[in-house]
Each structure stands twice: as structure tokens, then as C-alpha cells.
Amino acid sequence: MDALIELSEVTKRYAAGGVPALDRVSLAVAAGEAVAVMGPSGSGKSTLLNLVAGLDRPSVGTVTVAGQRVDTRSETRLARYRRRQVGMIFQFFNLLDDLSVADNVLLPAQLAGTPRRRARARCAEPTGAVDTAAGAEIGQLLLDLNAAGQTLVLVTHSPELAGRYAKRTVRLLDGRIASDTFSGRDVES
Amino acid sequence: MNAVLKAAVAGMARRLTQTVVIFVVLAASVTAALVGLALVADPALALQAVSARYHTADLAVTIDATKATSAQLARTRHLPGVTKSVGYPATTIDITIPGEPGYEGGAPVSGPVTVVGRASRSGPLDGITQATGHWPARLGEIDQSEFSNARGSVGDVTIATVTSVTGKPKLTIVGFAFPTTQDQTQDTWALPGEITALEKAGAPRQEEMLYTFSHASTVAQVVADLGELRTALPAGAIVGYSSALPSASQDIMGHGIRESSIVPYAIMALLLAGVIIASVAAAAVTAGYRRIGVLKSIGFTPAQIAATYLMQFGIPALAGSLAGTALGSHWALPYIQENPAYKVHVAIPVWITITVPAAMLLLTGLAALVPAVRAGRLPAIRAITAGQAPRAGQGRIAQWLAGGLPLPRPVTEGLAAPFTRPSRSAATLATLTVGLTAAVLAVGLGTQVTNIVLSIGVAYIDRSLFERLTWLVVVLAGIGVFSTLLTQARERVRDLGIHKALGMTPQQAITMVLCWSIAPAIIATAIALPAGTALEPVVARAIVSAQAAPAENMSPLIPGRGRGAAARNARQLHQQQVRNGHQPGRPAPAMQGFFGPLFNTAGRSPYTPGELVLLALAGLAIAIAGALGPAVWAAGSRTTTVLRAE
């Protein structure tokens, strides 16, 4: 299986000599997979997502997405990578208060130079309910996108949500992968 | 270390940029204020003090020695009002100097000159300064006054022919010099023996008498002194006279106008400093709410919180004030002492070096007091939980409107951003408006004052201080913009992080932050340009009114000459200079009714169209320059840190 996302021996330290947030983690996610990342607070879940999204760089190791190294890119290339290839939903939403919800959604396309009207038209295509979706509807949207081939990596504390949206669950503990199961069975590394 | 001081020092280190901004702002504003006050309070401006410092006679009088006996001349030395006197042999002759290409149109120069026989330049009552060439070393050589109306040119043409005596002898011009004041009775100098030779050839026998009087500080006093001399001498004996009062008063007026014009710069710098410090202080408290909450939680009282913030601003303010005092003294002193007539050492009064920094510290304290007290009164839990609370709804209309413009998204977001943070934007706008108005006023005032002072007759004005203070004001405005925009960038760091997470490149982040300053810059320019250009003549006229209006009418002291034609020439020249109002390099002999022309000069616009265009663009330049630092900081800020993903 060709991995879309691949972390190889990744270690991330926020302070020199400090406890690593991720410790020699190797993980491969195939294109179209839906993976839930679970673990207690401080286990490294957000750090892992930040590395995949190019929001941060590993201290050691490599991060590869679609065959291209992410960890060595410049800030400008990382920004373009995020606006074109990565969609993010933050734990604390992180919406821009000065913009409407629609403008928040349109922003990546507009940063790429797409005029507002064309960006609106594109966003309206997949589903007409995006403006009023909430909760389960957002979840259903994610499932629909995954079914259409989008790769999904989500962080959750809830085993129920993990089971609903993902077939594969990676558990982190103290910065290391404690378990990696696919529908309850261990994934071969 | 005291807990409050410890907290203040820690706060200063944590907000190093803010600390440096306060230091620089105080240093710059104290410099400007000290220079302005020191120059206005310049003790040498007092006429009496200046008179004592000028090495010159109060009156120079040319006397027809055929009408007054030696005894009568000697008696004038002991008149009740006379304190000192000295006499030199003199004569008045007509000379012709051949034309020189490039000088006076190449036409020959002719006219009467009074030649005074002196062995050397310095005398008991006056000193003559050699400008070019040298003092006569032998008979046949003359040294001409720079103020002479029949003046040759040392260099190619140096021979003057005496046309009013037998034999038409030739005299060699070996140099040009000028007396301390514009003494028009001494046109030319030669060795005493030359006077004897000219008299033998038929030149009139005259005596050049110099007097100082116990009272010669006003026109009335000098007129009375002259009257005393006329009474003591036979009628018609006095054929010419020159008073030091017009040129001394002219010099003082020129200095007074020049030095008073520094005051507006000082006021502008103080205004800017007040605006900037108030903005920095308010932002520091708002940004430090969480820190305030923590301090309260561990036991700081409201008074201690207020004291912490007052010290956090006060310590860099004190350091800045001291630095500004040193720098201001360094700038002001050479400016005061530049006039070679001031032969005494002039120091900046101690009260100025204490008052100015103390006043600026007080201003800082007042500007910081309100936010510091507010910080102290904030309930602890509110302070801890208060933060960058969402302000839903603010500025969305502006964002929506800007989003419809055919411009890149970072530009439209940046243009609309000021409307989403009205109070912060108001601080940026206030700083830019005050700073740009100050720059417009400073540029115009510098040119205007130069025109006014030169039209009075001060031959040279050093514009370097004007230029330095203008740049100081402009830099202060830039610092103000930098400070307010950096505060905005820090407050919006979460939004910046989201933008970057969604794909905004560092270059786009820089563009967006730079655009934060554009709308305020345009509004500030629209206000400042007309305000500054309208204010300039008001300020210039106020300066002239303060300095020139009280000046005495010197017309009773206009120098006269021995012969009718010469006297007419002198008066015509004087009137022409007054009408022209501006004669660079050619001093006006007196200031008859000078206030009117000066007032009119002050009311004319000194701005060229090119300058107005540049000033209009200056606002944008200041805004972008001030925004660059915060923009680069925004581009480099760590996305993961600010987003607090978990």
C-alpha cells in the first residue's frame, strides 16, 4: 500500500533536552484512510497533527505527504501546501471573528487568488447544507468526504466517535504509539 | 529587591520593545523641548547683554575737521553721557573701479567712500574682521568694507582710481573686511599716512570719532546722544553717523525669530510623545490583563499593581529623559554660541535642564496613570479570564465591502482591519495625524523662518538644527505608528496564526499588516496636509509678531552721509531693500517699519507644489515604515504556539 502520509522516526522536542512530545514515531496513512488518533492529554496527538499539516517541524525524522517531504519546506511552500492539500478543524474552532462563517471557509481559496464569487461557487457544489450544518451533520460531511476518497485524520478522546468516523485507531502514550488497530485488529507496521 | 520593583523590572524585560519605545520617545521629546526652551531663554538675547558683548562703539561719527577745532573735538570726549571715545583721521573721496565680468554686470563701480586711517584692525572701541585678503601694509593700499556701496573685487581687478583729488592717484585693494556692526561711516581703511597724502592732494580733512555712551539701548537714547554731540560741535560739523543699534537690534530680532521658531518643534514633539505614551500604556495594560490577574492572585494590592505599571513606564522614561537632556544640551549649545559676537560663554540655565525632563516624566506619569489605576482596580478573576475575547460583529461590514474589491485578499483584509479595532486604529490615526501635521508644519516653518531672517539682513542662517528637529518629529511619528501596529499585531496574533494555518504565506502576512496602516495613513494625510499648511502662516506670523512687532522703528537712526548725493543714495538703497524684503547676503542697513513686510512674508505660503506632493506621500511612507517591523514579526510568529491546539 502506498502511503499518502508517512512519518518516519519522528521526534519532536519543544525545548532542548526536554521531554519529547513525540518520540521516534513512525506512522503511515494510506490515501483514503480514516484514522482516529487517541490518547491522554500530553500524549502528542496535537503535535502529530501539526507535523502532518506542516504547522510545525520535527526535531528528528521525516514527514512525507503525497511523496513530498513536508518537514524541509520553506514557510511559503508550507502555506501553499496547507491551503491546497490540507483542511483543518481545530479543537477550539479558531475562526476569524472579523469574518463571517462563509468568509472563513472561503479564505484558503481566496489566499490562492480565487475571486470570492468563484470560491463561493466551488464551495456550494459538494453540498448545499454547509451553512446550516452542525454537530452530526459535520460528522456526516466528513464521512461523505472520506467515502469520496479524502484522507481523514482526526483526534478524539471518545472511543465512540473514533469508532464512528474511523476504521483505524492509533493510540499515543507519552509521545509513542502504544497501539495501532484496524477495526480492532493490530495494523502491521 | 522590593516585590513591586521586581515585578516592574520583569515587566520591562518581558515587553522589551515597549520599554525601548518609551525610552526613545522620551529621549527625542526631551531633546526637542530642551533645545526649544534653551534657545528661547537664551540670556544673550537681552539687548543690554548683547550690547555689552558686542565689541563696538554705540555711535560712529564722521566730522568735518575744517568746521570743528581740535579742542571742540576733544571736548566731545568728556560730554556727560560719553563713557569712551577714540578718533581716527579720515577723508571722503570718489573712486572708480573698472568693471569686472560677472560682477555688477561688468560695469565700472564708482562712488564716494570714507577712508579711515588706522594702523590695525583692532581698536579700543571696535574690532574689524578681515574677510579676504589682508590689512594695508604700506601706503597706496586700501582694505574695503564688505558693506561699502563702491566695492571692488579682490582678485582680477584690484585698482581703484581716486577721481576727486589732484593727480587721480591709484590705490590697490588688498582685502575686504567688515566691522562688527554695519558701520557705514567706515567704507575703507588705509594706513594713517594715506589720509595725510590724500588730504595734500585735495581730499577733505575729516575725523572719524567713535563713542560709547552710558545710555544707548533705545532709539530715543541714541537720538539724545547724537543730539548731545551736535550741540557740542558747530553746525554742519557732523557729516555722517552710524548707530550700532539697528544692526544689533536686527541681529537680535533675527536670532529671536530663528530661536522662537524652534518652540513649535518642541510643542509638536511633546504632543506626539503624549499620544504615543498614552497609547503604549493603555495597550500594555490591556495586553497584560492575565499577568495582572496573576499578580493579584499572589497578593498584590491595587495600589501595588498601579505602582508596578507606573514604574514599568517610569524607569525607561527616566532613562530617556536623562539621555534627551544630554543630547539636547549637545545640540543647543553650539547653536547658541555660534554667533562670534557673543564673546562670553553661554550655558543652558540649570533650571531648564531640570524642568524639562521633570515635566516630561510628569507627562509620562499622567499618561500612564489612568490605565495603571484601571489595572489596579480590575477584579482578579476578571483579569485572569479576560483576554482576546471574540468581538463578533465588529468590522464585518468593512471586511465584506473590502472583500468585493478586485485586490488580493491579504490587501483587502489589511485595508478593512482598522475598522475592526476602532480604539487601536484611533491611536494609530492620532499618531499619524499629529506626526504628519508636525512634519508639514516643520518643513514650511524651516523655509519660512529662513526667508524671514534673511530678509531682515542676517546674512547666514544655519538650517541644520531645523532639519534635525524636523527629522526628529518624523521619526517620532514613525515610532508611534510602529508601536501601535506592533500592539495590534500582538493582539491579533491568534488571527494571524489562523491565517497562516489556512495557507497565508509569510509574504502575504507582511502585505496584510502593511495594509493595516494604509487607511489610517490616507485619512491622516487628508487631515494633516491642509491643517499643517493652514497652521504654518499662523505660527510664522505669531513668531514675527512676538519678535518684530515690539521692535523699535529705527528710521531716526538711518545712517546719513556727508554729501547730498551720498545721503540720497543711502536712503534709496535702504528703501529698495525694505521693498524687496529679501536680500540674501546683502544686509539691510536699518529696519524702518520692518514689521509690516515681515508679517506679509510670514503670511505667504512657503510650500512648493513638489513639496506638497512629497508631504502627501510622506504620511504613507511613515505609516509603511512604522508597519514594517510588526509585519515582519507577524510573518515570523509561530503558528502552533498562538493557536493553542490543545
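Right, B:R421: more than 22 Å from B:S545 (Cβ to Cβ), basic (K, R) and buried (at least 24 other Cβ atoms within 10 Å of the Cβ) or not? In short, no.
Taken over segment B:399-418, the criterion of being at pLDDT 85 or above, within 9 Å of chain A (Cβ to nearest Cβ) and part of a helix (DSSP H, G or I) is satisfied by B:R409, B:P410, B:T412, B:E413, B:A416, B:A417.
What about B:L486, is it within 14 Å of another protein chain (Cβ to nearest Cβ), out of contact with any Lys or Arg (no Cβ under 8 Å at 6 or more places or on another chain) and within 30 Å of A:L111 (Cα to Cα)? Criteria not met by B:L486.
Within segment A:27-82, being buried (at least 20 other Cβ atoms within 10 Å of the Cβ) and at positive phi holds for A:G39, A:G44, A:G54. Across segment A:76-90, the qualifying residues are those that are in a loop (DSSP other than H, G, I, E, B) and at the interface with chain B (Cβ under 9 Å from one of its Cβ atoms), and the one among them that is modelled with the lowest pLDDT is A:M88. What about B:L535, is it hydrophobic (A, V, I, L, M, F, W, C), more than 28 Å from B:A287 (Cβ to Cβ), in a helix (DSSP H, G or I) and away from every other protein chain (no Cβ under 14 Å)? The answer is yes for B:L535. Taking segment B:56-144 as the region of interest, the strands (runs of 3 or more DSSP E) fully inside it that hold 2 or more residues being surrounded by fewer than 19 Cβ atoms within 10 Å (Cβ to Cβ) and more than 38 Å from the chain's Cα centre (by Cα) are B:82-97, B:109-117. Take the residues in segment A:54-75 that are out of contact with any Asp or Glu (no Cβ under 9 Å at 6 or more places or on another chain) and basic (K, R), then tell me which one is farthest from the other protein chains (Cβ to nearest Cβ). Step by step, filter segment A:54-75, then rank; the result is A:R69.
Of the strands (runs of 3 or more DSSP E) lying entirely inside segment A:1-66, those containing at least 3 residues that are closer than 21 Å to A:A148 by Cα span A:3-12, A:22-30, A:34-38. Filtering segment B:95-119 down to residues that are touching a helix residue (DSSP H, G or I) at 6+ places or on another chain (Cβ under 6 Å) and either polar (S, T, N, Q) or at pLDDT 80 or above (or both), which residue is farthest from B:D187 (Cα to Cα)? The qualifying residue farthest from B:D187 (Cα to Cα) is B:G117. Reported count of residues in segment B:478-498, each being in contact (Cβ under 8 Å) with a residue 60 or more places away in the chain and more than 44 Å from the chain's Cα centre (by Cα), is 4. Annotation: B:G193 fulfils all but one of (1) surrounded by fewer than 22 Cβ atoms within 10 Å (Cβ to Cβ); (2) at pLDDT below 95; (3) of a type outside the set (S, T, N, Q); the unmet one is (2). In this structure, B:A220 does satisfy being under 15 Å from B:D58 (Cα atoms), free of Cβ contacts under 8 Å to residues at least 24 places away in the same chain and of a type in the set (A, V, I, L, M, F, W, C).
Which one of these is assigned to a helix (DSSP H, G or I), more than 10 Å from every other protein chain (Cβ to nearest Cβ), modelled with pLDDT under 70 and surrounded by fewer than 14 Cβ atoms within 10 Å (Cβ to Cβ): A:R118, A:R122? Checking each option against the conditions leaves just A:R122.
The values are calculated or read from the model by the stated rules, or taken from the named source; none is laboratory data. Just so we're clear, the structure is a prediction, and the values are computed from it rather than from any experiment. For neighbour counting, all protein chains shown are included, and Cβ atoms are generated from backbone atoms with ideal geometry for every residue, glycine included.
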